[in-house]
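> The structure follows.
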Amino acid sequence: MLTMDVHTCVDPGARDHNEDDVRIDPVGELAWAVLSDGAGGHTRGDEASRRVVTTVEPALTWAGSQPAARLDPAVLRGAIEHAHAQLNADPAARQGRHHMHATVVALWVDRARGEAIWAHVGDSRLYLLRGGVAQALTRDDSVVQQMVDAGFLTAEEAQRHPRKNQLLCALGGTEPIEVHVTEAPLALRPGDAFLLCSDGWWDVVRPEAIARTREHALDAADWLHRMASPIREAALPNQDNYSAVGLWID
């Protein structure tokens, strides 16, 4: 059975309230972490993110409690689609007013078999740190990401683009969503580390910093603290909420 060290960080930044939310279960045979960011500029982002994580949570908990439980991409996809439906079931949304929107990223780990799958919608990200290199396992559902994929922008240009946070897909709203889910599990290795984070985090903490801070960190909590230090020290007046989950495979 894999042992894991998991820690979370949720900070409002310079905002007067926090629209990010996280939930974790690091001790079950099927352990999981889920992070949601209430989409900026929309109504009740804090309520949206809370509804997303509290909808996904019981679905994964129930799946992990079943006999001979295994990772199931269909369960993960269904949990996120249900969260989308829950946002649309809000009375204001049914009346065509004030749709709540949120992103989501979820990681599901089979500790007995040493495997993981993940899913996301929007621009909250999942990184895998392996062999000293941090690799994004998700691709943002954003205008700028499409421009990068089409060759119109480099990754560095995208980082500075004024539309970098404009989403093409998020939970909530009337448009159909595509839940991006890994169909085949990833075999885990000792020393692997995962980072789930909202855009307020990855906008400042680049992949090289994710890898560099891991080299010197004592545990997952220290890793998140070291990554977040530049955000706190900069104290930007427009700093967005920034949230993350750090998970180490021991």
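> Roughly how many percent of the accessible protein surface of the chain is carbon and sulfur, given a 1.4 Å probe and a whole-percent answer?
With neighbouring chains kept in place, the figure for the chain is 51 percent.
> Moving to a separate point now. Just to verify a number: what accessible area does THR174 come out at with the full protein assembly present, 1.4 Å probe, Å² rounded to tens?
Here the residue's solvent-accessible area equals roughly 110 Å².
> Let me know the charge dipole size of the chain about its Cα centre in debye, to the nearest 20, where only the beta-carbon of Lys, Arg (+1) and Asp, Glu (-1) is charged.
Dipole size: approximately 120 debye.
> Still on this model: Would segment 165-250 count as rounded, prolate or oblate if I go by the C-alpha gyration tensor, calling it rounded below 1.5 in a/c and otherwise prolate when a/b exceeds b/c, oblate otherwise?
Verdict is oblate for segment 165-250.
> In Å², what does the accessible area per residue of the chain work out to with a 1.4 Å probe?
45 Å²
> Of the listed values (i) 13.2; (ii) 15.8; (iii) 14.9, grab the one calculated as mean projected area of the Cα convex hull in nm² from the structure here.
Checked against the structure: label (i).
> Sticking with this one: On the first, second and third principal axes, largest extent first, how far apart are the outermost C-alpha atoms of segment 102-250 in Å?
Principal-axis extents of segment 102-250 (Cα, largest first): 40, 39, 29 Å.
> Once amide H atoms are placed 1.01 Å from N in the peptide plane, what residues at a sequence separation of 5 or more from ARG206, or on another chain, have their amide H within under 5 Å of its amide H?
Here the answer is none, since no amide H 5 or more places off falls under 5 Å of that of ARG206.
> In whole percent, what relative contact order does segment 129-250 give with Cα contacts below 8 Å and a gap of six or more residues?
Here the relative contact order equals 31 percent.
The values are calculated or read from the model by the stated rules, or taken from the named source; none is laboratory data. These figures come from a predicted structure and were not determined experimentally. Glycine gets a Cβ as well: all are built from the backbone with ideal geometry, and neighbour counts include every protein chain shown. In case anyone asks, the SASA skips ligands and DNA or RNA and just uses the protein heavy atoms, side chains included. Shrake-Rupley method; radii C 1.70, N 1.55, O 1.52, S 1.80 Å.
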